[in-house]
Amino acid sequence: MTSPRDRLIVALDVTNVEEAKALIDRLGESVGIYKIGLELLFSGGFALAQELTRQGRSVFIDAKLLDIEATVERATAVIAESGATFLTVHALDRKTIAAAVRGRGDTKLKLLGVTVLTNLSRADLAEHGIDEAPLAVVQRRAMMARDGGFDGVIASGQEARALRERLRQTLIVTPGIRPAGADTQDQTRVVTPQAAIKAGADYLVVGRPITRASDPRKAADAIVEEITAALPQ
Ligand code: C5P
């Protein structure tokens, strides 16, 4: 069983390793998984990921891979070797999905499909030549990722419920989390930790509500408590 603390993924959205380490020191054992995104990956974040996994911590590499199959396969294999627990890959077509699955091999890396980025509206999808509502596209790509051997998908709290009805075993990882009353910043479709878990999310990705809090550890502990209260007893 995954403990409530292990369901909390903290986004280390900073651009240097010193700041990331300072945050990790402040958070201590209160957080289960650390997410390293593009800005930190390109400023020493991959070496940090390797260091964290050597210390026994869980790491989420948010690389959102998309390229020709040979590149996706090799990149996934290199990331898997770092000991990371999660990697994001765009779930746009079967070739990309199959390449990532080959690259993962028999390592413990869990592959998460990015379906439709949450900043994209129906009008943006039309620019891709897609005349469908975002949710329909999210559902189709999520099922393709599942059928191709991915472990889970990234989905907003509002999509999580519809996805959970169709995908019973697939992991749902939900960003855009804001505790009740918190500043929404640039996120528009936010849900509380409790609502996300009740909608069927397995893991929550939380950035600024923790990283910009005056006491990050207290903020993380409060979210873990909310996760605990929302899980079926
Ligand atoms: O600070 P905040 O809690 O908004 O950070 C959310 C994190 O989740 C960021 O790292 C952001 O890149 C990521 N994310 C997101 N929406 C997605 C996918 C990832 O907010 N659809």
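The values are calculated or read from the model by the stated rules, or taken from the named source; none is laboratory data. Just so you know, these numbers come straight off a predicted model, no measurement behind them. Every residue, glycine as well, gets a Cβ built from its backbone with ideal geometry; the counts of neighbours run over all protein chains shown.
Would you mind finding the one in Asp67, Asp6 that is away from the ligand (no atom under 14 Å from the Cβ) and outside any helix (DSSP H, G or I)?
The unique qualifying residue is Asp67.
Checking Arg168 against (1) surrounded by fewer than 17 Cβ atoms within 10 Å (Cβ to Cβ); (2) more than 23 Å from Arg7 (Cα to Cα), which test does it fail?
Arg168 satisfies all of (1) surrounded by fewer than 17 Cβ atoms within 10 Å (Cβ to Cβ); (2) more than 23 Å from Arg7 (Cα to Cα) except (2).
So which of Glu29, Glu19, Glu51 ends up being surrounded by fewer than 19 Cβ atoms within 10 Å (Cβ to Cβ), at pLDDT below 95 and part of a helix (DSSP H, G or I)?
Glu29
So Val17 clears everything in (1) free of Cβ contacts under 8 Å to residues at least 40 places away in the same chain; (2) in contact with a Leu (Cβ under 7 Å, 6 or more places away or on another chain); (3) closer than 27 Å to Met143 by Cβ except one condition, right? Which one?
For Val17, the failing item is (3).
Pairs under 9 Å by beta carbon, first residue modelled with pLDDT of 90 or more in the range 114-133, partner in a loop (DSSP other than H, G, I, E, B) and surrounded by fewer than 11 Cβ atoms within 10 Å (Cβ to Cβ), six or more apart or different chains?
Arg122/Asp131; Leu125/Asp131
Collect the residues in the range 19-43 that are of a type in the set (S, T, N, Q) and closer than 20 Å to Asp215 by Cβ, keeping them in residue-number order.
Result: Ser30, single match.
Considering only the range 202-225, how many residues are more than 14 Å from the ligand (Cβ to nearest atom) and under 19 Å from the mean Cα position of the chain (by Cα)?
2
Just to be sure before I move on: is Val72 in contact with a Gly (Cβ under 8 Å, 6 or more places away or on another chain) and either within 16 Å of the ligand (Cβ to nearest atom) or farther than 30 Å from Asp25 by Cα (or both) in the structure I sent?
Taking the combined requirement at face value, the residue satisfies it.
Every residue in the range 99-150 that is in a loop (DSSP other than H, G, I, E, B), under 27 Å from Ala70 (Cα atoms) and among the charged types (D, E, K, R), please.
Within the range 99-150, Asp106, Lys108 meet the criteria.
Does Ile154 count as more than 20 Å from Thr118 (Cα to Cα) and at pLDDT 95 or above?
no
Tell me, yes or no, whether the range 185-194 has at least one residue that is hydrophobic (A, V, I, L, M, F, W, C), within 15 Å of the ligand (Cβ to nearest atom) and closer than 15 Å to Pro4 by Cβ.
no
Please go through the range 200-218 and pick out each residue that is assigned to a helix (DSSP H, G or I) and either under 14 Å from Ile172 (Cα atoms) or touching a residue at least 12 places away in the same chain (Cβ under 8 Å) (or both).
Those that are assigned to a helix (DSSP H, G or I) and either under 14 Å from Ile172 (Cα atoms) or touching a residue at least 12 places away in the same chain (Cβ under 8 Å) (or both): Arg208, Pro209, Ile210, Thr211, Pro216, Arg217.
Out of all the residues in the range 121-165, which are surrounded by fewer than 14 Cβ atoms within 10 Å (Cβ to Cβ) and touching a strand residue (DSSP E or B) at 6+ places or on another chain (Cβ under 8 Å)?
Listed by number, the list holds a single entry, Gly149.
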